[in-house]
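Below is one structure; the comments refer to it alone.
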Amino acid sequence: MKPFLVYTKVFLILVFCASCANLDTVATAPTTTGISRNFSDDHELIKAAVLASMQNLNINIKSSKQTPDGFIILFTKAISAFSWGEVGRVLVSKVDNNNSTVFVHSNKRYQLQITGSEEEDFAEAIFQGVTEILEKKKK
C-alpha cells in the first residue's frame, strides 16, 4: 500500500474518533453545561422525580451518585436505525431545601451524525416528567 493512502486512512480514523463522545465526555463537562430548569420543591423529591421520569424514556441509566456538585445520573441511548446513539448526564443541584436546578447535558456519539435525539429532546422529556410528578404530588 502506498504511504499516502496509509497516512490518509490514519488521518481519517483520527478525525473520526476525535469527534466521538462517550460517557466520560459528558461526565467531565462543566457542571452548568446543558439545558437547565429550576424546580421549587423538596430536593429529595426532585431527585426521585428526575430518576422516575428518566426511567420512562428509551435510555439506559448507567450510574447515579451523589457528589459535592449534586446528584449525577449518567445515561446512554442505544444505536438505532437512525442514530449511532447518544450519551448524557443529568445533574440535580441543590439550591436550598426547597429549590433545585436540574441540568441536562447530552451529546451524540458521533458529532457528524444528523439524526438522533438532541439535547433539547432529552431536556424537554425529563423536565416534563418531573413537572407531571410534582403536580401529582400536590393533588
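The values are calculated or read from the model by the stated rules, or taken from the named source; none is laboratory data. Just so we're clear, the structure is a prediction, and the values are computed from it rather than from any experiment. Cβ coordinates were reconstructed from backbone atoms using ideal geometry, including for glycine residues, and neighbour counts include every protein chain displayed.
Out of curiosity, is Gly88 on the phi > 0 side of the Ramachandran plot and within 15 Å of the chain's Cα centre (by Cα)?
The answer is no for Gly88.
Name the single residue, out of those in segment 102-119 being outside any loop (DSSP other than H, G, I, E, B) and modelled with pLDDT under 85, that is surrounded by the fewest Cβ atoms within 10 Å (Cβ to Cβ).
Tyr110
Only one of (1) touching a Gly at 6+ places or on another chain (Cβ under 9 Å); (2) buried (at least 17 other Cβ atoms within 10 Å of the Cβ); (3) of a type outside the set (A, V, I, L, M) fails for Asn56. Which number is that?
All conditions pass for Asn56, except number (2).
Return the pairs, sorted by first residue and then second, in which the second residue is in a loop (DSSP other than H, G, I, E, B) and of a type in the set (Val, Ile, Thr), the first residue lies in segment 71-93 and is within 18 Å of Asn56 (Cβ to Cβ), the beta carbons are less than 8 Å apart, and the residues are 6+ apart or on different chains.
So the pair list comes out as Phe75/Ile59; Thr76/Ile59; Lys77/Ile59; Gly88/Ile59.
With Leu91, Leu51, Leu45 as the choices, which residue is modelled with pLDDT of 95 or more, in a strand (DSSP E or B) and surrounded by 11 or more Cβ atoms within 10 Å (Cβ to Cβ)?
When all the criteria are applied, what remains is Leu91.
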